[in-house]
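First comes the structure, then the notes that go with it.
Each reported figure results from applying straightforward, stated rules to the coordinates on display, with no laboratory input. Note that the structure is predicted; figures quoted are calculated from it, not measured. Heads up, the Cβs are rebuilt from the backbone with ideal geometry, glycines too, and the neighbour counts pull from every protein chain shown.
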Amino acid sequence: MATHNFKHALFCAIVTIIIAYPILGLNLVAQGTTVGLEGATPGTVISVILAAVVVFLFQLFRDNIMTSLGKLPKLNPLSGREPMPQAKRVKMESWVLTGIIVLALFWPFFVSRGSVDLATLVLIYVMLALGLNVVVGLAGLLDLGYVAFYAVGAYTFALLSQYFGFTFWMALPIGALLAALFGLMLGFPVLRLRGDYLAIVTLGFGEIIRILLNNWTAVTGGPNGIGGIPEPTLFGMEFGRRVKEEGNTSFHETFGIAYSGEHKVIFLYLIALVLAVITALVIRRLMRMPVGRAWEALREDEIAARSLGMSRTAVKLSAFTIGAFFAGFAGTVFASKQGFISPESFVFLESAIILAIVVLGGMGSQVGVILAAIAVTILPELAREFSDFRMLVFGAAMVLMMIWRPQGLMPMRRIHIELKQQE
Amino acid sequence: MLEVQNLSMRFGGLLAVDGVNLDVQEREIVSVIGPNGAGKTTVFNCLSGFYTPTGGKILFEGKEVQGKPDYKISRLGMVRTFQHVRLFNQMTVVENLLVAQHRHLNTNLLAGLIKTPNYREREKKSLDRAAYWLNRVGLLDLANRDAGNLAYGQQRRLEIARCMVTEPKLLMLDEPAAGLNPAETKDLNQLIVSLKEDYNVSVLLIEHDMSLVMDISDRITVINQGRPLASGTPAEVRQNDDVIKAYLGEA
């Protein structure tokens, strides 16, 4: 055992050196017209060796370290408690959620403009993650191209406003419905696929949409994107300093208050909040409706579900369509918030981040997904100085989650329908 | 109500089912028996639409149904259970029965979102129906348990209840007594007979347990190596020389 550990530790240390030295130590330097290779500085060499020693020691005493870490959860006083009865839990959950929503309503009036802006982005991700949660968490269909529907929503609004002068409120339902239509269209060919195959096809679909937007320069402006997307108005009141469109009034003049750039930001935040709350509530209801039960049934045992007369086509398509619908919602808000969109905003990384939010939060769990959306969006902003290491930290966090809490931050606890005992 | 003519199913070079004929009348219990690997479950899979038969006709209430997708066949009123119980394990017992009633529910999304009175009423009805059937198969006390935590015999009964809430005309049971002890088999026996007597359901049964088959069947069809061997009343089948040979081996 000891020799085995020693060999393994030595091997890990050597791998560390082999990987770390070329990446950190060797630099390409321009020497006139040619490129030369520069060796590592002593400082780098020392840190690489130090890292190798740390890896070696950790692997050598790995068993001891892991067992002592395994005792850690006992420090958490809540870990051994009995699960709450369902009725109590549902009640508490709705109280907590109401509290959060009320807090979120008044919060923007006391903080800086930057924070409100960031919070709007968080809410957009909440919408996206809740929508993807339907597809991945509830229906069990791994969708790696979810960002495509987000793009459809955003571009629908951008194009409609550019060519036909549509306002935010007119474009919002159209964007969502068009995204849903795309979900339906993608759904048909991929219905027979499952697991890995489905993931690959959806991944391809996401790329098709992005590349189409990138190359169809005549309509979408290609990589230059579309700018000048209007902000939402409140009953025809604009939030700019001067009114842009004929017939509109401006918010600050109507209410006789001084113009402030913050009004606009807060208004957008509130719209995003309302839409996110609607998304959460609608999906919450869907989960308890026959369609929600059908998603779960098909995920658990497709053959049994079909033998009971459930059409695989209808059930899977409904999940795809509803998930895409909310991505369209989020896309429209995003376009309006940014005022400018380009295919850059809809790369695969976005899909991966949204999926990561769902997995981190706990598949199928709404509260968990919301928490994860907040964490994944805000943490990188707080740690701007470490932005070089963002992907490293992100990857490490994913690995650690999979080791210690593979079920996610707050795993889904199904809300069961209870049969009351008849007297 | 069910008539199977010359059914055959070929997997590559293997002819798993070859020229099987079957018929089930209203309110009748028909059993399909045969040694292991005789092709009984393959016949079932063809009937329930999991396989598309390579030859022959399946008529259900006079209409050809061979080659139709499984969910459409089940909607016509032919519902089956499985040799290895297939429940939705993470759902509770009562939810298993609600899932099965999705067709009787108002599936209009908007109606559900705003909880129209019609939607509530249907939801309540389906809960009542679920409660009724749970009571019928003796699982009412366990209604809010996870289906995966039930004992095996209870899972069997739940699977039958799950079929019954879809209001089938023909119930197809694939080895319902497998893994049950004699007392449970006896209960099952009574349950199947009462389904026929009280709910006008025809039953097509695959079974190894001869006591069950001989007790409750109106007619029996014997299949051996994919081919029909004999059919008739239990008494006739018991006397049949070919059947005795197939089961006991040649003397």
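Counting neighbouring Cβ atoms within 10 Å and putting the fewest first, the residues B:115, A:337, B:169, A:88 line up as A:88, B:115, B:169, A:337.
Take every DSSP beta bridge whose two residues both sit in the protein assembly as shown; close to 60 percent of them are antiparallel.
Residues in the range A:169-180 carry Karplus couplings, in order, of 5, 6, 6, 4, x, 5, x, 5, 5, 5, 4, 4 Hz; the curve used is 6.51 cos²θ - 1.76 cosθ + 1.60 with θ = phi - 60°, and Gly or Pro positions show x. Each residue of the range A:3-12 was assigned a 3J(HN,Hα) from its phi angle through the Karplus curve 6.51 cos²θ - 1.76 cosθ + 1.60 (θ = phi - 60°); the sequence is 5, 4, 4, 4, 4, 4, 5, 4, 4, 4 Hz, with glycine and proline shown as x. When the square roots of the Cα gyration tensor eigenvalues are ordered a ≥ b ≥ c, the ratio a/c for the range B:88-167 is 1.5 or more and a/b exceeds b/c, which makes its shape prolate. Residues whose amide H lies under 5 Å from that of residue B:28, counting only those 5 or more places away or on a different chain, are B:202, B:203; hydrogens are built 1.01 Å from N in the peptide plane.
Sorted from longest to shortest, the spans of the Cα atoms of the range B:134-251 along the three principal axes equal 54, 28, 24 Å. When every alpha-carbon pair in chain A is counted, what percent end up more than 33 Å apart? Roughly 47 percent, once rounded to a whole number. Note on chain B: Kirkwood hydrodynamic radius from all Cα pairs is 19.1 Å, rounded to one decimal.
Take B:77-83, B:97-103 and order them by the average number of nearby Cβ atoms within 10 Å per residue, most first; the result is B:97-103, B:77-83. Dividing the Cα radius of gyration of the range A:2-72 by its Kirkwood radius returns 1.21 for Rg/Rh. Over chain A, Cα pairs under 8 Å with separation of 6+ residues give a relative contact order of 24 percent. When the convex hull of its Cα atoms is viewed from all sides, the range B:210-251 shows a mean projected area of 3.0 nm².
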